[in-house]
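To start, the structure under review is shown below, and the notes come after it.
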Amino acid sequence: MISPRNRGTRFSYLPVIAGGLIPGNPGDPQGAHGETNPTVAPQLRRNSLGLLDLVFQGITHIAPAGSIVFMFPIIARQAGPDMPISLLLSTTACFFIGNTVAEFSKYMPSSGGYYSFATRGLGSRSGFMATWNYLIYDLLGPAGALGFLAYMLSDILRSELGLKIPWWLIAGASFALIWVLTHFGIRLSIHTTALLGSLEMLITLALAITFLVHPGPGSSYVAPLRLSSSPHHLSGILGGMVFSILALSGFEAPAPLAQESRRPGKFIGLAVNLSLLVTGIFYIFTSYASAIGWGTGDMAAFASSPNPFYQLGHALWGAGWWLVVLALINSAIGTGMACTNAASRVMYTMGQAGTLPARFGRIHPVHQTPAFAIAFIQLFGLAAVLIVGLLFRPADILAFLGTLATLAVIILYSMANLALTSYIRREHPDDFRVSRHVVVPSIGTLALLPVLFVTVYPVPDWPYNVTPFLFVAALIFGFGYMQWCESRHPGALRRGATMLVGHRTDAEGDVDWDSPVPPNQ
């Protein structure tokens with residue numbers, strides 16, 4: 001587990017992780033002039049998103065600016081100036097994990113994302129538990145980032161401008177903003193997400209270029225490229241990979257937007273891989289520049305600094321360091337929106353299937369968004385932030401909730417990798433390839449095992465030592481809910497295998513959503 005080790009230090013932030021419808025389309029509940037058709041139940045707005053929209057959905061879910069500021073010092077603790085090598089290897093490993101989402105989306109695109117994938121591949125009960133992990137991951141992860149953003153802004157405003165604004169008030173305003181931007185239509189939220197994601201990457205890129213132009217004392221431009229530069233050599237580079245994989249998690253976010261995208265059978269998998277490629281290259285470059293800007297000969301100080309980017313931003317940009325703060329705000333709000341868009345579509349699918357209350361499966365008749373699910377996600381996230389921030393400390397919010405999200409995403413990715421092998425072998429035997437459908441997902445799962453190990457050992461300090469127990473308790477509660485749900489609504493779990501799942505109709509990636517192919521028995 002990763003946790004803040006510097007107590008009582010200012011800015012001591014070391015967390016764990018991160019087009020319109022065609023008139024006459026049967027999926028369009030509105031006519032050509034936008035009037036509501038009362039005879040058609042509201043549905044998600046189909047054919048709204050292009051490839052670039054989906055790519056930014058994945059990038060902002062990963063939250064590159066936040067990961068750079070908060071995760072690079074942790075990676076440097078292991079890899080030293082060799083951070084770029086750790087991130088290069090981790091990006092490669094994540095392509096093995098991303099292959100699972102891309103393959104599933106090619107054969108059975110769905111607004112359920114991992115819910116549909118795991119249920120179809122592993123069966124109804126295992127699929128539900130995989131999805132339960134998904135909800136833990138995609139509800140608590142962004143909540144932690146937003147809560148910590150509120151704490152950070154409150155501290156900065158107090159110390160820099162003398163303004164005393166309670167952190168919980170900023171947190172409430174952040175969740176409210178995300179609710180507004182995601183409630184009033186998918187195009188509004190996705191375009192805002194793309195704008196925020198672009199801005200955070202441009203600011204961070206400009207800072208990285210500044211580092212290269214103004215290298216730190218004793219810097220060597222070739223040091224980050226030599227394996228021997230790591231204080232622990234190869235073992236240090238491998239140790240840095242653990243945290244680098246965590247910094248890349250979130251690439252799967254385009255999958256639940258399948259029903260709202262154009263050519264989902266092609267674009268979803270392509271967007272997953274492109275978001276990984278763009279973010280991976282971005283991380284490799286910025287980590288190289290960060291080592292140069294700090295000083296490759298003193299990376300131990302970079303790793304132990306409460307916030308090295310705060311120091312570098314002040315030193316090199318002066319008053320312009322506020323742009324770094326802006327990038328962090330964009331990153332937290334952007335990832336909150338991306339996670340809300342993804343998780344709300346999964347919850348909508350579960351509501352349609354009956355594994356969540358029916359109100360989760362309802363679509364707003366005007367905005368064509370799962371309004372109840374969106375509101376629930378914001379209220380749940382705010383409650384989690386307030387509980388952790390008030391029960392412990394606001395400085396603990398991101399690390400505490402992020403650890404829970406980390407445990408959940410490891411289980412989720414691993415179960416999905418197993419599901420792919422089972423699904424292709426059973427339902428598409430002619431397409432089954434050992435290399436693509438056994439070896440590749442297995443490598444992805446093996447890459448996650450060290451992440452799981454360092455998340456729970458060595459046992460961290462209070463309050464982070466209780467997170468594994470809370471995670472197990474959440475799984476037990478989910479299992480109990482699953483049993484109750486099946487007893488009250490027989491067949492609800494099984495419906496998850498076909499609910500809102502389309503099948504590809506041509507090589508261009510077009511999908512038929514109205515005639516789903518049932519699973520093979």
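The values are calculated or read from the model by the stated rules, or taken from the named source; none is laboratory data. Nothing here was measured: the structure is a model prediction, and the numbers come from that model. Here Cβ is always computed from backbone atoms with ideal geometry, including for glycine, and neighbour counts include all displayed protein chains.
The table below gives the values:
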{"read-out": "Filter result for the condition that a residue is modelled with pLDDT under 50, farther than 17 Å from L276 by Cα and touching a helix residue (DSSP H, G or I) at 6+ places or on another chain (Cβ under 6 Å), over P38, P4", "value": "P4"}
{"read-out": "Enumeration of residues in the range 188-218 that are crowded, with 21+ Cβ neighbours inside 10 Å, in contact with a Gly (Cβ under 6 Å, 6 or more places away or on another chain) and over 29 Å from V454 (Cβ atoms)", "value": "T193, L196"}
{"read-out": "Hits in the range 484-494 (condition: surrounded by 12 or more Cβ atoms within 10 Å (Cβ to Cβ), modelled with pLDDT of 85 or more and more than 15 Å from T119 (Cα to Cα))", "value": "C485"}
{"read-out": "Residue match in the range 104-111 (condition: out of contact with any Phe, Trp or Tyr (no Cβ under 9 Å at 6 or more places or on another chain), surrounded by fewer than 24 Cβ atoms within 10 Å (Cβ to Cβ) and assigned to a helix (DSSP H, G or I))", "value": "yes"}
{"read-out": "T406 being touching a Phe, Trp or Tyr at 6+ places or on another chain (Cβ under 9 Å), surrounded by 19 or more Cβ atoms within 10 Å (Cβ to Cβ) and part of a helix (DSSP H, G or I)", "value": "yes"}
{"read-out": "Residue that is farthest from Q259 (Cα to Cα) [pool: residues in the range 163-191 that are in contact with a Lys or Arg (Cβ under 9 Å, 6 or more places away or on another chain) and not basic (K, R)]", "value": "I165"}
{"read-out": "Subset of the range 112-135 [surrounded by fewer than 24 Cβ atoms within 10 Å (Cβ to Cβ) and either among the β-branched types (V, I, T) or part of a helix (DSSP H, G or I) (or both)]", "value": "L122, S124, R125, S126, M129, W132, L135"}
{"read-out": "Positions within the range 293-310 being in a helix (DSSP H, G or I) and surrounded by fewer than 24 Cβ atoms within 10 Å (Cβ to Cβ), in sequence order", "value": "G297, D298, A300, A301, A303, S304, P308, Y310"}
{"read-out": "Check on A176, surrounded by 24 or more Cβ atoms within 10 Å (Cβ to Cβ), modelled with pLDDT of 85 or more and closer than 24 Å to P370 by Cβ", "value": "no"}
{"read-out": "Test: F360 is at pLDDT 90 or above and more than 24 Å from L140 (Cα to Cα)", "value": "no"}
{"read-out": "The lone exception for K164 - which of (1) at pLDDT 90 or above; (2) in a helix (DSSP H, G or I); (3) of a type in the set (K, R) it fails", "value": "(2)"}
{"read-out": "Pick from the range 97-124, criterion among the small types (G, A, S) and over 19 Å from the mean Cα position of the chain (by Cα), ranking: nearest to L276 (Cα to Cα)", "value": "G121"}
{"read-out": "The lone exception for S290 - which of (1) of a type in the set (S, T, Y); (2) more than 25 Å from the chain's Cα centre (by Cα); (3) surrounded by 21 or more Cβ atoms within 10 Å (Cβ to Cβ) it fails", "value": "(2)"}
{"read-out": "Options A419, A384: the member that is surrounded by 24 or more Cβ atoms within 10 Å (Cβ to Cβ) and among the small types (G, A, S)", "value": "A419"}
{"read-out": "Subset of the range 220-252 (residues that are farther than 30 Å from A338 by Cα, modelled with pLDDT of 85 or more and surrounded by 15 or more Cβ atoms within 10 Å (Cβ to Cβ))", "value": "S220, A223, P224, I237"}
